[in-house]
Amino acid sequence: MQKYFLCHYDALSEGQSKGFSLGDNTTGTDNVFAVMKGGEIYVYSNICPHRGINLDWQKDQFLDPDGALIQCASHGALFLIETGECIAGPCSGDALTPVPVEYAQDGLYVLMPE
Ligand code: FES
């Protein structure tokens with residue numbers, strides 16, 4: 001695993017999502033995203049288990065209109081923010097891939113496969 005700096009704490013806001021391009025990412029799109037809910041920060045790979053493509057069509061837009069669930073923009077799959085489990089849509093029962101988060105004094109770090 002490789003440790004990467006994700007962001008400073010003030011880069012994330014409650015109920016918002018944000019995408020990041022980390023490591024050896026040559027896709028031109030964000031490869032991970034973070035969501036803050038209830039003061040906790042959840043980070044997942046930006047890959048929908050349905051077709052293996054990015055979840056977002058617009059930068060930093062990973063949530064449904066209510067901000068209650070993670071939503072895939074392609075076919076509307078809905079995922080729990082806390083666990084990444086798909087609860088509705090074509091990949092129901094599958095889950096997003098979580099990215100471990102470390103809380104440090106200068107901000108958030110994530111651990112990604114090399
Ligand atoms: S690619 Fe995400 S729901 Fe189809």
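Quick look at the numbers
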quantity: Top-ranked residue in segment 1-59 [being among the hydroxyl-bearing types (Ser, Thr, Tyr), modelled with pLDDT under 95 and within 16 Å of the ligand (Cβ to nearest atom); ranked as nearest to the chain's Cα centre (by Cα)]; calculated: Thr29
quantity: Enumeration of residues in segment 60-71 that are under 12 Å from the mean Cα position of the chain (by Cα) and of a type outside the set (S, T, N, Q); calculated: Asp60, Phe62, Leu63, Leu69, Ile70
quantity: Per-region count, segment 60-103, residues away from the ligand (no atom under 13 Å from the Cβ), closer than 29 Å to Thr26 by Cβ and of a type in the set (D, E, K, R); calculated: 2
quantity: Cross-chain or 6+ apart pairs with Cβ under 9 Å, segment 75-87 first and under 13 Å from Arg51 (Cα atoms), then among the hydroxyl-bearing types (Ser, Thr, Tyr); calculated: Ala77/Ser92
quantity: Selection from segment 62-85 of residues that are closer than 27 Å to Met1 by Cα, crowded, with 16+ Cβ neighbours inside 10 Å and either of a type in the set (Val, Ile, Thr) or touching a His at 6+ places or on another chain (Cβ under 8 Å) (or both); calculated: Ile70, Cys72, Ile81
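To keep it simple, each residue is scored yes or no on (1) out of contact with any Ser or Thr (no Cβ under 7 Å at 6 or more places or on another chain); (2) farther than 21 Å from Glu114 by Cβ; (3) of a type in the set (Lys, Arg).
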residue	(1), (2), (3)
Thr26	yes, no, no
Met36	no, yes, no
Tyr44	no, no, no
Gly52	yes, no, no
Leu55	yes, yes, no
Pro65	yes, yes, no
Cys86	no, yes, no
Pro90	yes, yes, no
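The values are calculated or read from the model by the stated rules, or taken from the named source; none is laboratory data. A quick note: this is a predicted structure, and the numbers were derived from the prediction, not measured. Here Cβ is always computed from backbone atoms with ideal geometry, including for glycine, and neighbour counts include all displayed protein chains.
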